[in-house]
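First comes the structure, then the notes that go with it.
The values are calculated or read from the model by the stated rules, or taken from the named source; none is laboratory data. Computed from a prediction, not measured in an experiment: that's the story for all the values here. Counting neighbours? That spans all protein chains shown, and the Cβs are built from the backbone with ideal geometry, glycine included. Just the protein is used for accessible areas: all its heavy atoms, side chains included, with ligands, DNA and RNA removed. Shrake-Rupley method; radii C 1.70, N 1.55, O 1.52, S 1.80 Å.
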Amino acid sequence: MTKITIPDLLKKKREGKKITMLTAYDFPFAQIVDEAGIDMILIGDSLGVVVQGNENTLSVAMDEMLYHTRIVARAAEHALVIGDMPFMSFQPGIETAVQNACRFLQAGATAVKLEGGEAVTDRIRAITRMDIPVMGHVGLTPQSVHRMGGYKVQGREQTMAERIIADAKAVEEAGAFAVVLEGIPLELGRKITKTLSIPTIGIGAGPHCDGQVLVLHDLLGLFERFHPTFVKTYANLKSQALDAIKRYKEEVELGAFPSEEESYK
Ligand code: KIV
């Protein structure tokens, strides 16, 4: 399989072909996602919630993101690897943002993603000027959980919808190669997708986006704490894993495992 490039993604938008993206955080799952032919793998700061068990993503550290990026990059032969800039990796200033974006590339990512619209265009501009591709992220931005008062759909009211459109346009103008639209009404997702020339990647932004992204643990049924409307669970790995582990426990306790077959003669 050949490696997906940023021009390939832009071509997909021009040709009306849908773009696929998923998160991954470790080697075996990154290999599976890659083998399935997914276009982009995001090492999302969502790992703070689905892997580390935190309430939100705010405590995820840059070093933790780099650790997972190295692992995922090792597994990805086809997919474009994107490192998600965690809280505090770009908020303090332009220089911090550029430095941390560079660290993601050294860890094996091809691009970085950062949350925010007009307020972060100086960061996006500075990073892209260093030839580091940037993916934007507007609408429901999980790092703004306290401002939003929880993970709520954004842009239902006209003024907020206009704000999100302006954010998406600003991100494009600043040089982003694509933008994640999260947690917005589908009509707004459609409008932004028509307006922008860069691909829009939706998560809870309806079917009209140029591509879709989901958190892998949601798709596979490995995360149960909450279940947003936009998540479709394609497998129930939690119950399969639970079943397998219970059978192992039972067989060890009964003396049925290991049998002669699993023993050295
Ligand atoms: O952190 C993450 O996984 C994300 C995606 C949900 C877009 O930002």
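Using alpha carbon centroids, what distance separates region 161-177 and region 233-265, in Å?
Cα centres, region 161-177 to region 233-265: 51 Å.
Place a +1 charge on the Cβ of each Lys and Arg in the chain and a -1 charge on the Cβ of each Asp and Glu, then give the dipole magnitude about the Cα centre in debye, rounded to the nearest 20.
880 debye
Read phi for every residue in region 9-20 and hand back ³J(HN,Hα) as whole Hz from Karplus 6.51 cos²θ - 1.76 cosθ + 1.60, θ = phi - 60°, with x for Gly and Pro.
My calculation for region 9-20 gives 5, 5, 5, 4, 4, 4, 8, x, 8, 6, 9, 10 Hz in order.
As a test of the formula, what do you get for the chain when each DSSP H run with n ≥ 4 contributes -39,500 (n - 2.57) and the sum is divided by the residue count, at 222 nm and rounded to the nearest 500 deg cm²/dmol?
Calculated at 222 nm, the ellipticity per residue is -12000 deg cm²/dmol.
Given labels modelled 7 Å from the Cα in the Cβ direction, how far is it in nm from residue 61 to residue 131?
Between residue 61 and residue 131, the label points sit 3.2 nm apart.
Select from 170, 67, 47 the residue farthest towards the positive end of the dipole of the chain; place +1 on Cβ of Lys and Arg, -1 on Cβ of Asp and Glu, and compute about the Cα centre.
Farthest towards the positive pole: 170.
Given R₀ = 35 Å, FRET efficiency for residue 94-residue 248 by Cβ-Cβ distance, to 0.05?
E between residue 94 and residue 248, to the nearest 0.05, is 0.10.
Contact order normalised by length for the chain, with contacts defined as Cα pairs under 8 Å and 6 or more residues apart; what percent is it?
Relative CO of the chain lands at 15 percent.
What residue among 224, 251, 157 has the largest mean-square fluctuation in a Gaussian network model of the chain, using Cα springs under 10 Å?
Highest fluctuation of the listed residues: 251.
Probe of 1.4 angstrom, ligands and nucleic acids ignored: what's the accessible area per residue over the chain, in square angstrom?
Using a 1.4 Å probe on heavy atoms only, each residue of the chain averages 51 Å².
Pulled fully out, how much extra length does the chain show between residue 146 and residue 17, if you take 0.36 nm times their separation in residues and subtract their Cα-Cα distance?
Difference between extended and current length: 42.8 nm.
For the chain, give the percent of accessible area contributed by carbon and sulfur heavy atoms, probe 1.4 Å, rounded to a whole number.
54 percent
Of 181, 237, 80, which has the largest mean-square fluctuation in a 10 Å C-alpha GNM of the chain?
Between 181, 237, 80, it is 237 that shows the largest mean-square fluctuation.
Suppose every K and R has +1 on its Cβ and every D and E has -1 on its Cβ; what is the size of the dipole of region 49-177 about the Cα centre, in Debye to the nearest 20?
It works out to roughly 80 debye.
Is region 6-234 rounded, prolate or oblate when judged by the Cα gyration tensor, a ≥ b ≥ c being the square roots of its eigenvalues, rounded requiring a/c under 1.5 and prolate requiring a/b larger than b/c?
Rounded.
When the chain is treated as a GNM, springs tying every alpha-carbon pair under 10 Å, which of 105, 220, 22 comes out with the largest mean-square fluctuation?
Most flexible of the set in this elastic network: 220.
Given R₀ = 25 Å, FRET efficiency for residue 239-residue 3 by Cβ-Cβ distance, to 0.05?
Step by step, r from the Cβ atoms, then E = 0.10.
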